[in-house]
1. Exactly one condition in (1) in contact (Cβ under 8 Å) with a residue 24 or more places away in the chain; (2) in a helix (DSSP H, G or I) is not met by residue 285; state its number.
2. When you go through 203, 192, 175 one by one, which is the residue that is in contact with a strand residue (DSSP E or B) (Cβ under 7 Å, 6 or more places away or on another chain) and small (Gly, Ala, Ser)?
3. Would a scan of segment 363-378 turn up a residue that is buried (at least 19 other Cβ atoms within 10 Å of the Cβ) and modelled with pLDDT of 85 or more?
4. Just to check your reading of the model, which residue among 354, 299 is under 33 Å from the mean Cα position of the chain (by Cα) and loosely packed, with under 15 Cβ neighbours inside 10 Å?
5. Would you confirm whether or not segment 109-131 contains a residue that is surrounded by fewer than 18 Cβ atoms within 10 Å (Cβ to Cβ), in contact with a Pro (Cβ under 7 Å, 6 or more places away or on another chain) and not hydrophobic (A, V, I, L, M, F, W, C)?
Amino acid sequence: MNISPFQNTKMALSAVWTNRFRSLLTIIGIVIGITTVVSVASLLTGLRKGIVMFFEELGPDNIFIARAAGPPDGGGSLKERKRRPILVEYAGTLSAQASTLADVGITMFIPNESKGRPVTAKVPGFETDSLNINASTPNFSSLAPRDYEAGRYFTKEEDSRAAHVVVVGHDLAAALYPDGRAVGHPMMLDGAEYTIIGVFAKAKGGFFGQSPQDTVITMPFHTGESRYPQVDKIQITCKAKPGLRKEAYSEVQGIMRRIRRLPGNTPDDFNLQTPDQIIQQFDNITGIIGLVAIAISALGLLVGGIGVMNIMLVSVTERTREIGVRKAIGARRRDIVGQFLLEAMTLTGIGGLLGILIAVLVTMLVSALVPSLPSEVPGWAVIAGFTSSVAVGLFFGTWPAVKASRLDPVEALRYE
């Protein structure tokens, strides 16, 4: 007697539905494992997308020179804090000697604390300390082009005379001027008055959905120098000529080593980074998180798989007489194996689908409750999750299915 795949599937679904409560308890481990890995993959995918967009906005052809690794306004490690500062003069040397560079700019990162208190930006009726302050050279409008919600960037003339003008981020402008009329109006910052001449458009990416560009206050570089002569947190941005970033990286590194008089066998006492290197560092971190998620998921799948095997063995015992009847009327061993394997795979497949559904709901909930935490369900995670769950059913259902197929029909018919 031949049994079609459709009939086998129908019998498998019927068996699962008949013992639905028991089936639900059996696949809880599968559900937990798939939910974990798909949810983590969704969050990490969204975070990576935001970071990639953030660094693309900063300029994919740029090379950043700073004293320490990490955020340019941070201090770095203890060893890095002992390094000599990056000097403004280096930018002129790089611009004159590097044949692979199209432009060189300078940014000074100004602390947002003064005498132990946070620096605030104030206008009549509104005040905020959620800000980042820097001073940049005028050519940053071409080094890292950005869109403007209103106004413009400052000019070389305004930079040369240290004009008290600033360009502010989207969120900061909205906090100070909720009516959207920030351009042309004054702002008090750290005891001095500045005129807002431009407002950046909302940043396209960032970390955990937040971009420091949205709360930035950027003033002309010479304005920052005159107001904060003690600040030495300098970053030099070098823009490579099209198609020459790899060559530019090596050339910039060589020039910096000559400037700082480093012998050939000593390591760099400065940090050199490109956007893709920073993204790679993020990928290394998220790779570890992903491995932890996979380990938790694997544990859940193992528990679920053992539960499925146990239930299928119980099912074989409960249905011994049914198996005997089927064999007596002509069912082949492969028909019995196929039925029980399909039942196990159906059970774990349903668990996988439930896990994916819960993960999608969790992702949507996180996006709704925490808009700053981006999340995006990747197609590969859905496919991998469902495939893994079905594979667990196939693996752990094999022994019960083989055991059922080996039952002697005469002995099975006598079973009560």
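The values are calculated or read from the model by the stated rules, or taken from the named source; none is laboratory data. Just so it is clear, the model here is predicted, and its values are computed rather than measured. No Cβ is skipped: glycine too gets one built from the backbone with ideal geometry, and neighbour counts run over all protein chains shown.
1. With (1) in contact (Cβ under 8 Å) with a residue 24 or more places away in the chain; (2) in a helix (DSSP H, G or I) applied to residue 285, the lone miss is (1).
2. 175 is the lone residue from the list that is in contact with a strand residue (DSSP E or B) (Cβ under 7 Å, 6 or more places away or on another chain) and small (Gly, Ala, Ser).
3. yes
4. Selected residue: 299, the only one of 354, 299 that is under 33 Å from the mean Cα position of the chain (by Cα) and loosely packed, with under 15 Cβ neighbours inside 10 Å.
5. yes
Results for (1) part of a helix (DSSP H, G or I); (2) buried (at least 17 other Cβ atoms within 10 Å of the Cβ); (3) of a type outside the set (D, E, K, R); (4) modelled with pLDDT under 85, shown as yes or no for each residue.
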position: 316; (1), (2), (3), (4): yes, yes, yes, yes
position: 334; (1), (2), (3), (4): yes, no, no, yes
position: 341; (1), (2), (3), (4): yes, yes, yes, no
position: 383; (1), (2), (3), (4): yes, no, yes, no
